[in-house]
1. Tally up the residues in the stretch 63-96 that are farther than 21 Å from A40 by Cβ and either touching a helix residue (DSSP H, G or I) at 6+ places or on another chain (Cβ under 6 Å) or in a helix (DSSP H, G or I) (or both), please.
2. Which one of these is assigned to a loop (DSSP other than H, G, I, E, B), open to solvent by 30 Å² or more (accessible area, probe 1.4 Å), without any contact (Cβ under 8 Å) to a residue 40 or more places away in the chain and under 26 Å from S168 (Cα atoms): A14, A60?
3. If a residue has to be loosely packed, with under 14 Cβ neighbours inside 10 Å and either hydroxyl-bearing (S, T, Y) or within 19 Å of the chain's Cα centre (by Cα) (or both) to count, how many in the stretch 205-225 make the cut?
4. Every residue in the stretch 144-191 that is open to solvent by 10 Å² or more (accessible area, probe 1.4 Å), under 17 Å from Q108 (Cβ atoms), among the hydrophobic types (A, V, I, L, M, F, W, C) and not in a helix (DSSP H, G or I), please.
5. I need every pair where a residue in the stretch 142-165 that is touching a residue at least 60 places away in the same chain (Cβ under 8 Å) has its Cβ under 6 Å from the Cβ of a residue that is open to solvent by less than 50 Å² (accessible area, probe 1.4 Å) and among the aromatic types (F, W, Y), sequence separation at least 6 or different chains.
Amino acid sequence: MLILLPPSEGKAEAGSGRRLDLDRLSLPELNPRREEVLSALVALGAGPPETALTALGLGAGQHGEVRRNARLRQAATAPAGRIYTGVLYEALDLAGLPATAQRAAGRQVLVSSGLWGAVRLTDRIPPYRCPIGARLPGVGALPALWRQDLGAALTAAAGRGPVLDLRSGAYAAAWTPRGELAERTLTVRVLHEREVDGVPVRSVVSHFNKATKGRLVRDLLLAGARPRSVAALVTTLRDLKYQVCEQATAPGRPRQVDVIVSEL
């Protein structure tokens, strides 16, 4: 099973190990594109701060993020599982997993990225800021750029097993599985159910969505889940006590489920 996660906007302040080496990253076929985006991001960070803030969609108080990008080639690195620190990754609590579950996470999880395309949790990267919505000079829209390379790389990474796609919409735009692989892919929407005037009402909650997805991946890793199909994956989620509602999907498109939660 391949699990696709979004990155977090929140990241560790600094790495603690060797400098970045693209040749040591997983999915080496992405390295030419990584080098292209990295060079543009470093150059942007070394230029006028206001230009970089606009290109990256950052606020006026985030000049430190720009300066950090300018030093990415010299910065210390850490495993991506420690670099990403947002709500989803706090709920996943990679460091708190048993060693066997951590090893499974290293094999099964890929994190989407505007800068790297996709990385494994064990890949050593420096802290950076490059949202998928950034428009880097000379590079343009990142989803369109990565769409040229991610298809082959992620299809190969998926192998013959199911894909659990937990990416947000912006990152999903960089690669959409098609055909037979799409039918082996499961996307998840998290809905909060509450009672309003005696009537159950379901709604999307962004923060809770991320936390639930982190817990869901953690539970799958703790259970040592190895489903061989989407149907088996849905059964596994139900066995783990998640309330799962399947949605109708067209042939050749990823299957969709809603995970219903009642507590925030």
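The values are calculated or read from the model by the stated rules, or taken from the named source; none is laboratory data. Note that the structure is a prediction, hence the values are computed from the model and not measured. Because the Cβ atoms are built from the backbone with ideal geometry, glycine has one as well, and the counts that use them run over all protein chains shown. For the accessible areas, the whole protein counts, side chains as well, though only heavy atoms, and no ligand, DNA or RNA atoms are used. Shrake-Rupley method; radii C 1.70, N 1.55, O 1.52, S 1.80 Å.
1. So the first thing to find is which residues in the stretch 63-96 are farther than 21 Å from A40 by Cβ, and the list is 76, 78-79, 81-82, 84-96.
Next, from what is left, pick out any that are either touching a helix residue (DSSP H, G or I) at 6+ places or on another chain (Cβ under 6 Å) or in a helix (DSSP H, G or I) (or both): 81-82, 87-92, 94-96.
The qualifying residues number 11.
2. On the way: A14 fails: without any contact (Cβ under 8 Å) to a residue 40 or more places away in the chain.
When all the criteria are applied, what remains is A60.
3. 2
4. Result: V188, single match.
5. From residues that are touching a residue at least 60 places away in the same chain (Cβ under 8 Å), the pairs are L150/W175; L154/W175.
One line per residue, one yes/no per condition, for (1) out of contact with any Asp or Glu (no Cβ under 7 Å at 6 or more places or on another chain); (2) β-branched (V, I, T); (3) more than 28 Å from L97 (Cβ to Cβ):
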residue	(1), (2), (3)
R34	yes, no, no
L58	no, no, yes
E65	yes, no, yes
I83	yes, yes, no
